[in-house]
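Data block below; observations after.
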Amino acid sequence: MIIVIGASGFIGTYLTDSLLRKGYDVLATGRSPRAARFFESRGIPFLHLDITRREDFDLLPTEGVEAVILLAATLPANEEEENPYRYIASNLEGTVHALEYCRRTGVRKFISTTSYADVSGHFSADHVIDDDELRSYNLVDDHSEYIITKNAATDMILHYNLVYGLQGCIFRFPPVYGVGPHSQLRTDGVLRKSGFQIFVDKASSGEDLEVYGDKDVVRDIVYIEDVCDAFAQAIESDRAAGVYNIMSGESSSLEQQARDIIAVFGDGKGSKVIFSPEKKNNSRSYRFSIEKARRDFGYNPRFVPFRKLCEAYREEMENPRFPHLLPTQTLLILGAGSIQVPIIRKAREAGFRTVVADYDPKAPGFAYSDVKSTVSTVDFDAVLGLARAENIDGILTTSEYPVNVVAYVGEALGLPSMSREVASVCTNKLRQREIFAANGLNVPFFKLISETDPLEPYADFPYVVKPVDSSASRGVTLVRDAAELKKAVDFAREYSRSGKVLLESVIGGSEFSVETLTQNGETHIVNITEKATRGDGCFVEDTHIEPARISEAEWKIISDEVLRGIKAIGLDNCPSHTEVKLWNGRAYIIEMACRLGGDYITSDLVPLSTGVDMLGNLINLALGRKIDAEPRFSKCSCVQFLNESNYSRAVEFINSGDSHIVRSEVLPYSADPILDSGGRLGYVILQAERMDEIEAILEKIR
């Protein structure tokens with residue numbers, strides 16, 4: 001096990017992730033509740049530890065620890081005013097507490113950090129600074145107290161190396177670049193945007209980059225992933241001990257840095273480099289040798305030259321993995337019912353500030369929200385007012401009706417979302433039928449039934465009668481004769497917000513749903529779900545299975561029709577959940593929704609069968625971040641709902657504790673007819689390596 005003390009910070013977060021990817025067991029420690037939620041959401045053990053409290057180190061394991069990495073410290077960039085007591089308590093006493101823990105428990109490998117400013121007196125374009133260069137630094141600037149305490153900590157580590165046989169390393173860092181909270185830093189207590197971030201912002205918006213002072217000043221800057229490599233390499237080395245320069249090994253001039261930033265971030269918008277030698281620039285040239293790190297543990301930076309660092313930075317910036325490192329972004333989530341709980345929890349655990357709206361003050365999702373609002377999720381102006389007041393960064397929903405409000409607010413505030421036209425079409429089954437028919441897609445016979453229309457002409461039974469604008473199978477009925485037709489139309493009208501009812505001819509065959517993500521015109525079909533309904537004429541789904549048990553040819557038939565439907569509607573920058581029937585070699589779209597699928601399909605089944613995080617991708621879509629729809633694995637998953645027929649068998653199976661059960665819920669038994677999805681009596685979600693395992697379980701409990 002590797003213990004990372006200070007894992008909640010910038011370097012600590014990247015390092016913890018890097019060590020895990022390299023196969024290490026990691027215990028993360030820190031003091032940030034936001035970071036704790038992030039680590040715990042990823043299954044990473046996290047311990048709240050304050051390095052200034054010696055007793056906190058008694059909470060750490062006493063066996064099985066291979067190395068301790070100490071990153072926690074008090075830094076000038078985070079301090080509003082100098083406080084020598086804080087620097088001494090954190091940087092010196094905290095280091096001694098960690099060293100004593102290693103001595104008591106027999107941990108030999110220890111790595112801590114220091115600043116390149118401890119040798120700033122040697123900075124020069126002509127002098128390459130060695131790892132063991134004599135210290136020389138300014139005793140009267142805003143970094144002085146920090147450097148003094150870090151130097152004392154360095155000497156203490158070297159002391160423990162000599163006296164107690166510790167293999168302690170001290171990594172000397174220049175500015176470490178990576179996407180994190182340091183786009184703004186404090187200088188003399190004042191929060192200022194970093195020079196690098198200023199250049200990135202200007203290049204991204206097409207503005208010119210102004211280089212102050214000497215354009216030929218050279219600096220050595222290192223990328224965060226190279227730093228992470230150095231830690232892992234030092235852990236593996238029996239030779240690593242003492243002070244090491246962890247730099248890029250290549251210096252680049254201010255001019256070259258500006259040109260590289262334009263090349264990577266400018267997107268051809270016309271930014272130019274302007275030189276202003278008369279304006280003061282506090283940057284000084286410095287060069288460092290990394291030969292000692294190369295020799296002792298094979299350190300070899302990958303993100304050089306500087307342009308390669310910029311390319312990696314931009315890739316991370318467009319799809320940041322660690323939201324708790326970024327300034328807190330606010331998500332407005334419409335709906336706080338049970339089906340919204342997973343997305344609210346997901347956003348909260350990922351470190352976002354969650355503003356949640358629901359008309360019901362007792363809605364369960366409010367328990368996981370930072371801001372609770374009881375405005376109606378279909379009140380356009382009230383939701384827009386809430387969005388403005390809370391200064392939101394994105395808006396989303398997993399429900400059917402509020403997608404129109406999502407589109408309305410997105411358009412008003414310039415936020416990523418589906419268009420208002422798309423939202424309107426996706427919540428109106430009649431308009432979908434009309435658009436699909438006009439674009440040559442497969443459609444059944446359909447007819448809008450008004451309140452005054454005679455029903456006698458419709459005698460080619462069976463039909464399906466449904467509300468034009470409802471969801472969750474509410475108001476949908478299979479009609480077999482004229483006696484049932486009038487009842488079905490009245491029943492459907494009860495569930496229609498507009499009072500409009502659609503009559504359609506019955507499409508035979510098997511039923512499926514298709515889960516997709518569309519961003520910037522590119523659609524990813526993530527999975528196809530096989531579904532089974534109760535078969536009692538009410539169309540309430542009873543079982544969902546992934547992946548659908550169909551041939552490659554059938555998969556293509558369904559996928560192609562769904563892609564045609566998405567194109568016909570113009571759906572973009574949102575997910576879609578499309579219900580499809582496969583009949584006589586053709587795919588028929590029953591309906592298409594511009595939201596994630598419900599019934600635990602996208603919250604549970606898709607991640608369990610593919611590894612694709614659909615809820616995380618919904619958040620990415622809402623914030624304009626790059627989505628990740630690439631499958632991680634191929635497994636099988638299923639949700640079986642409980643009803644009055646299978647209740648006792650399903651409960652017995654759930655109580656058995658079978659290893660295939662991911663989670664379940666059992667509600668009180670009722671013999672009442674199940675007319676929509678809200679009437680079901682619970683569920684059990686399964687995951688298996690093979691489909692025959694799923695089939696055997698369903699055979700028992702259906």
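Does residue 396 meet the test of being under 26 Å from residue 577 (Cα atoms), part of a strand (DSSP E or B) and not β-branched (Val, Ile, Thr)? Considered against the rule, which asks whether it is under 26 Å from residue 577 (Cα atoms), part of a strand (DSSP E or B) and not β-branched (Val, Ile, Thr), residue 396 comes out as yes.
Taken over segment 569-594, the residue count meeting the criterion of being open to solvent by 30 Å² or more (accessible area, probe 1.4 Å) and closer than 19 Å to residue 629 by Cβ is 2.
Scanning segment 470-494 for residues that are open to solvent by 70 Å² or more (accessible area, probe 1.4 Å) and either at positive phi or assigned to a loop (DSSP other than H, G, I, E, B) (or both) yields a total of 2.
Does residue 311 meet the test of being in contact with a helix residue (DSSP H, G or I) (Cβ under 9 Å, 6 or more places away or on another chain), in contact (Cβ under 8 Å) with a residue 60 or more places away in the chain, under 24 Å from residue 221 (Cβ atoms) and outside any loop (DSSP other than H, G, I, E, B)? Criteria not met by residue 311.
For residue 333, are the conditions met, namely being more than 30 Å from residue 245 (Cβ to Cβ), part of a loop (DSSP other than H, G, I, E, B), of a type outside the set (D, E, K, R) and touching a Gly at 6+ places or on another chain (Cβ under 8 Å)? When the stated conditions are applied, residue 333 does not pass them. Just wondering, is there one or more residues in segment 177-196 that are on the phi > 0 side of the Ramachandran plot, open to solvent by 20 Å² or more (accessible area, probe 1.4 Å), at pLDDT 95 or above and part of a loop (DSSP other than H, G, I, E, B)? No: zero hits. Taken over segment 438-460, the criterion of being open to solvent by 50 Å² or more (accessible area, probe 1.4 Å) and among the hydrophobic types (A, V, I, L, M, F, W, C) is satisfied by 438, 445, 446, 448, 459. Scanning segment 520-540 for residues that are among the polar types (S, T, N, Q) and either at pLDDT 95 or above or in a loop (DSSP other than H, G, I, E, B) (or both) turns up 520, 523, 527, 529.
Listed by position, the strands (runs of 3 or more DSSP E) contained in segment 1-90 that have at least 3 residues being buried (at least 22 other Cβ atoms within 10 Å of the Cβ) and free of Cβ contacts under 8 Å to residues at least 60 places away in the same chain are 26-30.
Residue count for segment 620-649, restricted to those that are β-branched (Val, Ile, Thr) and either at pLDDT 95 or above or surrounded by fewer than 23 Cβ atoms within 10 Å (Cβ to Cβ) (or both): 1. Number of residues in segment 348-367 that are part of a helix (DSSP H, G or I) and either open to solvent by 70 Å² or more (accessible area, probe 1.4 Å) or among the charged types (D, E, K, R) (or both) equals 3. Taking segment 278-317 as the range and being surrounded by fewer than 17 Cβ atoms within 10 Å (Cβ to Cβ), within 36 Å of the chain's Cα centre (by Cα) and under 16 Å from residue 244 (Cβ atoms) as the test, the residues that pass are 294, 298, 300. When segment 329-347 is filtered for residues that are open to solvent by 20 Å² or more (accessible area, probe 1.4 Å) and free of Cβ contacts under 8 Å to residues at least 60 places away in the same chain, the ones remaining, listed by number, are 338, 341, 345.
Residues checked against (1) under 28 Å from residue 20 (Cβ atoms); (2) in contact (Cβ under 8 Å) with a residue 40 or more places away in the chain; (3) out of contact with any Pro (no Cβ under 9 Å at 6 or more places or on another chain); (4) not in a loop (DSSP other than H, G, I, E, B):
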| position | (1), (2), (3), (4) |
| --- | --- |
| 214 | no, yes, no, no |
| 228 | yes, yes, yes, yes |
| 234 | yes, yes, yes, yes |
| 240 | yes, yes, yes, no |
| 250 | no, yes, no, no |
| 255 | no, yes, yes, yes |
| 260 | no, yes, no, yes |
| 263 | no, yes, yes, yes |
| 278 | no, no, yes, no |
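If the condition is being out of contact with any Lys or Arg (no Cβ under 8 Å at 6 or more places or on another chain) and either part of a helix (DSSP H, G or I) or among the basic types (Lys, Arg) (or both), then segment 216-226 contributes 219, 224. Restricting the search to segment 368-397, which residues are open to solvent by 20 Å² or more (accessible area, probe 1.4 Å) and β-branched (Val, Ile, Thr)? If the condition is that a residue be open to solvent by 20 Å² or more (accessible area, probe 1.4 Å) and β-branched (Val, Ile, Thr), then 371, 374, 375, 377, 378 are the ones that fit. Figure legend. Inter-residue proximity from segment 654-682: first residues open to solvent by 70 Å² or more (accessible area, probe 1.4 Å), second residues assigned to a strand (DSSP E or B) and among the hydrophobic types (A, V, I, L, M, F, W, C), beta-carbon distance below 6 Å, spacing 6+ or different chains. Indicated pairs: 663/685.
Within segment 408-431, being within 13 Å of residue 332 (Cα to Cα), open to solvent by less than 10 Å² (accessible area, probe 1.4 Å) and of a type in the set (A, V, I, L, M, F, W, C) holds for one residue alone: 409. The set of residues in segment 361-408 that are within 22 Å of the chain's Cα centre (by Cα) and of a type in the set (A, V, I, L, M, F, W, C) comprises 366, 367, 371, 387, 392, 395, 396, 403, 406, 407. Of the residues making up segment 197-221, those that are touching a Phe, Trp or Tyr at 6+ places or on another chain (Cβ under 7 Å) and of a type outside the set (Gly, Ala, Ser) are 200, 209, 211, 215, 219, 220, 221. The C-beta contact set for segment 91-116 (first residue of a type in the set (D, E, K, R), second residue open to solvent by 30 Å² or more (accessible area, probe 1.4 Å), distance under 9 angstrom, 6+ apart or interchain) comprises 93/52; 93/54; 100/54; 103/164; 104/62; 108/66; 108/165; 109/66.
The values are calculated or read from the model by the stated rules, or taken from the named source; none is laboratory data. Please read all numbers here as calculations on a predicted model, not as lab measurements. Ideal geometry is used to build each Cβ from the backbone, glycine not excepted, and the neighbour counts take in all protein chains shown. All accessible areas refer to the heavy atoms of the entire protein, side chains included, with ligands and DNA or RNA removed. Shrake-Rupley method; radii C 1.70, N 1.55, O 1.52, S 1.80 Å.
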